[in-house]
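Participant: Got a structure for you, questions after.
The values are calculated or read from the model by the stated rules, or taken from the named source; none is laboratory data. Every value quoted in this text rests on a predicted model; they were computed, and no experiment measured them. Using ideal geometry, Cβ is built from the backbone for each residue, glycine included, and neighbour counts are taken over all protein chains shown.
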Ligand SMILES: [Mn+2]
């Protein structure tokens with residue numbers, strides 16, 4: 001029997017951090033499309049249940065069109081049970097405002113609730129300040145059953161007092177859990193919980209910002225009479241990719257561009273790309289960041305971030321008796337940070353040369 005574990009879809013996210021408003025709208029639709037595509041995958045592959053481990057929506061404000069599409073998708077796939085646990089972003093408004101809930105949309109609440117799917121018992125609880133310390137003692141799972149537990153929060157191994165979003169892994173050991181389906185962290189992670197079970201974050205379905213780089217998708221659980229096999233399925237329409245490039249030792253900008261363009265060839269143009277320049281460069285290197293961005297325009301989105309640092313050593317200018325040399329020596333001797341020294345020298349030199357700042 002098959003079950004999907006997903007989480008952190010954050011439907012209706014604004015997506016405006018990097019993108020133009022047109023692309024932000026498009027990306028917003030794509031996240032919803034990926035949710036629908038996942039449900040089609042489930043229908044085509046005889047998946048019996050989809051566990052949504054929180055943060056289906058980004059905030060309590062949900063547009064009507066998104067609500068209608070989600071409800072339609074659930075409603076027209078009656079063979080699939082949707083087991084939904086609210087996350088810290090959901091605020092329960094989706095469920096509480098529904099006039100009629102599709103019969104296959106099953107919702108966990110603030111007490112332990114257990115749903116049966118085939119031979120599997122799936123238990124979950126929405127954490128809050130009142131229940132977060134008591135959930136461990138009140139969880140009783142039978143050793144001879146296959147048990148999945150659903151939670152949304154940050155794992156920790158210690159008992160932190162009142163933080164409702166903390167999940168104490170130590171206290172979940174030896175509780176007869178076979179698979180702990182987690183939401184909250186946007187990256188896939190699967191580790192052993194104890195001798196019997198594993199804990200797993202599915203990660204989000206689509207990355208939104210460059211803090212969510214790499215493959216995104218869901219976890220497919222394949223369950224027989226005794227055990228659960230869990231496999232990550234990459235499913236995102238687009239990935240966010242960061243390409244770090246060290247420019248140390250280059251004295252020609254065009255060589256840097258060529259090398260970056262060469263490296264970018266292995267990245268699909270459907271992805272969002274961030275190129276980060278690292279390392280140190282010398283004053284004679286003339287950088288053309290915007291030109292590089294234009295040359296990488298085939299990507300769905302591209303930005304070049306310059307984190308490289310100007311390297312001017314005192315000995316480079318010790319014999320320079322011009323105003324320029326005197327200026328650089330003064331800056332290098334100052335108490336400024338390396339980054340501030342770099343900026344000051346660049347601005348100062350441009351000004352000495354009479355260029356626009
Ligand atoms: Mn989330």
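Participant: Residue 164: in contact (Cβ under 8 Å) with a residue 12 or more places away in the chain, part of a strand (DSSP E or B) and within 25 Å of the chain's Cα centre (by Cα), yes or no? I'd like the intermediate steps shown before the answer.
Facilitator: Details: in contact (Cβ under 8 Å) with a residue 12 or more places away in the chain: yes; part of a strand (DSSP E or B): no; within 25 Å of the chain's Cα centre (by Cα): yes.
Criteria not met by residue 164.
Participant: Among (1) more than 16 Å from the ligand (Cβ to nearest atom); (2) closer than 22 Å to residue 55 by Cβ, there is one condition residue 242 misses while meeting the rest; what is its number?
Facilitator: Checking residue 242 against (1) more than 16 Å from the ligand (Cβ to nearest atom); (2) closer than 22 Å to residue 55 by Cβ, the one that fails is (2).
Participant: Next up: Would you check if there is a residue in the range 200-208 being more than 17 Å from residue 31 (Cα to Cα) and either more than 16 Å from the ligand (Cβ to nearest atom) or assigned by TED's automatic domain parsing to the domain that holds residue 19 (or both)? Break it down into steps so the answer makes sense when it comes.
Facilitator: Residues of the range 200-208 more than 17 Å from residue 31 (Cα to Cα): 200-201.
Then drop every residue that is not either more than 16 Å from the ligand (Cβ to nearest atom) or assigned by TED's automatic domain parsing to the domain that holds residue 19 (or both), which leaves 200-201.
Looking for residues that are more than 17 Å from residue 31 (Cα to Cα) and either more than 16 Å from the ligand (Cβ to nearest atom) or assigned by TED's automatic domain parsing to the domain that holds residue 19 (or both), one finds at least one in the range 200-208, hence yes.
Participant: I'm trying to understand the selection: among the residues of the range 62-80, which are assigned to a loop (DSSP other than H, G, I, E, B), out of contact with any helix residue (DSSP H, G or I) (no Cβ under 8 Å at 6 or more places or on another chain) and closer than 19 Å to residue 44 by Cβ? Show your work before the answer.
Facilitator: Our first condition is that a residue be assigned to a loop (DSSP other than H, G, I, E, B); within the range 62-80, this holds for 62-63, 76-80.
Okay, now just the ones that are also out of contact with any helix residue (DSSP H, G or I) (no Cβ under 8 Å at 6 or more places or on another chain), so 63, 76, 78.
Scanning the range 62-80 gives 76, 78.
Participant: For the range 276-357, please list each of the helices (runs of 4 or more DSSP H) lying entirely inside it that holds at least 1 residues being over 30 Å from residue 15 (Cα atoms) and modelled with pLDDT of 85 or more. I'd like the intermediate steps shown before the answer.
Facilitator: Numbers: elements: 289-295, 314-317, 323-333, 338-352.
Where helices (runs of 4 or more DSSP H) fall fully within the range 276-357 and carry at least 1 residues being over 30 Å from residue 15 (Cα atoms) and modelled with pLDDT of 85 or more, they are 323-333, 338-352.
Participant: Only one of 81, 76, 25 is surrounded by 15 or more Cβ atoms within 10 Å (Cβ to Cβ) and more than 16 Å from the ligand (Cβ to nearest atom); which? Break it down into steps so the answer makes sense when it comes.
Facilitator: Values: 76 fails: surrounded by 15 or more Cβ atoms within 10 Å (Cβ to Cβ); 25 fails: surrounded by 15 or more Cβ atoms within 10 Å (Cβ to Cβ).
Just one listed residue meets the conditions, 81.
Participant: A further question follows. Would you call residue 297 exposed (fewer than 13 other Cβ atoms within 10 Å of the Cβ), closer than 30 Å to residue 16 by Cβ and not assigned by TED's automatic domain parsing to the domain that holds residue 18? Before the answer, list the steps.
Facilitator: Details: exposed (fewer than 13 other Cβ atoms within 10 Å of the Cβ): yes; closer than 30 Å to residue 16 by Cβ: yes; not assigned by TED's automatic domain parsing to the domain that holds residue 18: yes.
Yes, satisfied.
Participant: Taking the conditions exactly as written (on the phi > 0 side of the Ramachandran plot, assigned by TED's automatic domain parsing to the domain that holds residue 110 and surrounded by fewer than 21 Cβ atoms within 10 Å (Cβ to Cβ)), does residue 131 satisfy them or not?
Facilitator: Spelling it out, it is not the case that residue 131 is on the phi > 0 side of the Ramachandran plot, assigned by TED's automatic domain parsing to the domain that holds residue 110 and surrounded by fewer than 21 Cβ atoms within 10 Å (Cβ to Cβ).
Participant: Here are some residues: 16, 30, 36. Which one is assigned to a loop (DSSP other than H, G, I, E, B) and under 26 Å from residue 239 (Cβ atoms)?
Facilitator: Exactly one of 16, 30, 36 is assigned to a loop (DSSP other than H, G, I, E, B) and under 26 Å from residue 239 (Cβ atoms), namely 16.
Participant: I'd like to verify a number: residues in the range 258-276 that are surrounded by 18 or more Cβ atoms within 10 Å (Cβ to Cβ) and touching a strand residue (DSSP E or B) at 6+ places or on another chain (Cβ under 6 Å), how many? Full working, then the answer.
Facilitator: Taking the range 258-276 first, the residues surrounded by 18 or more Cβ atoms within 10 Å (Cβ to Cβ) are 260, 264, 271-275.
Cutting the leftovers down to touching a strand residue (DSSP E or B) at 6+ places or on another chain (Cβ under 6 Å) gives us 260, 271-275.
Going through the range 258-276 one residue at a time, the tally reaches 6.
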